[in-house]
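Chemist: Attaching a single structure in structure tokens format; questions to follow.
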Amino acid sequence: MSDETPTKKWLLFEDSLLVLFMAALACITMCNVLARYFTTSSFAWTEELSIFLLILVTMVGSSSAFIRYQHIRIELIINSCSSRLRQRLDWVASTVCLAFFILFTVLFIRLCLDEIEYGDISPAIGVPMWYYTIFLPLFSLLISLRLLRQWWELSTAILRGKK
């Protein structure tokens, strides 16, 4: 029971972050639409910031979906299998996703280090690009840790013969 409370609190924190990011994204986009409507020109920085927020929403939402078992999968195949086979398919899916996000984390770290080394600057705001990309390996690592925990729980359940 003590393990459930931190997970629920963390999910509440993630949900709050998602709401905050989506609200900021909606406000920025609406301001840009209004500016374009009234002045026939738009703010260059809004697109850059909107893309950044959309990527954050995607990463935090992915993390939340994995821990809730709401990630994309083919339910028709999963639901037609026996519970034992379903458990093994969940384990395979968890293993593949874990490998993918570990690779993703490593590649994002390399991307961030390259942007620091080469001094890439964002076109609209003029800040270093690594200000944006530093969040990608962090959230990718968070998803990897979540998937590792899920993989471990599935592995121990399979070894014990439980669902």
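Chemist: Quick one: which residue in Phe101, Phe108 is within 17 Å of Ser144 (Cβ to Cβ) and touching a Pro at 6+ places or on another chain (Cβ under 6 Å)?
Modeler: Numbers: Phe101 fails: touching a Pro at 6+ places or on another chain (Cβ under 6 Å).
When all the criteria are applied, what remains is Phe108.
Chemist: Would it be correct to say that Trp91 is in a helix (DSSP H, G or I) and touching a Ser or Thr at 6+ places or on another chain (Cβ under 6 Å)? So that I can check it myself, show each step before the final result.
Modeler: Details: in a helix (DSSP H, G or I): yes; touching a Ser or Thr at 6+ places or on another chain (Cβ under 6 Å): no.
Here the answer is no, as Trp91 does not meet what is asked.
Chemist: Among the numbered criteria (1) touching a helix residue (DSSP H, G or I) at 6+ places or on another chain (Cβ under 9 Å); (2) part of a helix (DSSP H, G or I), which one does Cys81 miss?
Modeler: Of (1) touching a helix residue (DSSP H, G or I) at 6+ places or on another chain (Cβ under 9 Å); (2) part of a helix (DSSP H, G or I), only one is false for Cys81: (2).
Chemist: For the range 56-72, what are the residues that are of a type in the set (A, V, I, L, M, F, W, C) and open to solvent by 70 Å² or more (accessible area, probe 1.4 Å)?
Modeler: At the first step, the residues of the range 56-72 found to be of a type in the set (A, V, I, L, M, F, W, C) are 56-57, 59-60, 65-67, 72.
The answer is Ile72, and nothing else.
Chemist: Please find, within the range 73-102, the residue that is nearest to the chain's Cα centre (by Cα) out of those that are open to solvent by less than 80 Å² (accessible area, probe 1.4 Å) and β-branched (Val, Ile, Thr).
Modeler: Thr95
Chemist: Search the range 66-88 for residues that are modelled with pLDDT of 80 or more and pair each with any residue that is assigned to a loop (DSSP other than H, G, I, E, B) when their beta-carbon atoms are under 7 Å apart and the residues are at least 6 apart or on different chains.
Modeler: Ser83/Lys163; Gln87/Lys163
Chemist: Being within 21 Å of Ala93 (Cα to Cα), touching a residue at least 24 places away in the same chain (Cβ under 8 Å) and open to solvent by 60 Å² or more (accessible area, probe 1.4 Å) is the filter here; which residues of the range 107-148 pass it?
Modeler: Leu141, Leu148
Chemist: Return only the number of the condition from (1) open to solvent by less than 70 Å² (accessible area, probe 1.4 Å); (2) within 30 Å of Leu147 (Cα to Cα); (3) modelled with pLDDT of 90 or more that Val19 does not satisfy.
Modeler: It fails just one condition, (1).
Chemist: Turning to a different aspect of this structure: Conditions: (1) surrounded by 13 or more Cβ atoms within 10 Å (Cβ to Cβ); (2) free of Cβ contacts under 8 Å to residues at least 24 places away in the same chain; (3) not hydrophobic (A, V, I, L, M, F, W, C). Thr40 meets all but one. Number of the miss?
Modeler: The failed condition is (1).
Chemist: Let me ask something else about it. State yes or no: is Ile143 assigned to a helix (DSSP H, G or I) and either under 30 Å from Thr46 (Cβ atoms) or touching a Cys at 6+ places or on another chain (Cβ under 8 Å) (or both)?
Modeler: Taking the combined requirement at face value, the residue satisfies it.
Chemist: For the range 35-54, give me the residue count where each residue is polar (S, T, N, Q) and part of a helix (DSSP H, G or I).
Modeler: To start, the set of residues in the range 35-54 that are polar (S, T, N, Q) comprises 39-42, 46, 50.
From what's left, part of a helix (DSSP H, G or I): 39, 46, 50.
Number satisfying all stated conditions: 3.
Chemist: For the range 149-163, which residues satisfy the criterion of being surrounded by 13 or more Cβ atoms within 10 Å (Cβ to Cβ) and hydroxyl-bearing (Ser, Thr, Tyr)?
Modeler: Residue satisfying the conditions is Ser155 alone.
The values are calculated or read from the model by the stated rules, or taken from the named source; none is laboratory data. What you are looking at is a predicted structure, and each value in this text was computed from that prediction instead of being measured. Don't worry about glycine lacking a Cβ; one is built from the backbone with ideal geometry, like all the others, and counts go over all protein chains shown. Heavy atoms of the whole protein, side chains included, go into the accessibility calculation; ligands, DNA and RNA do not. Shrake-Rupley method; radii C 1.70, N 1.55, O 1.52, S 1.80 Å.
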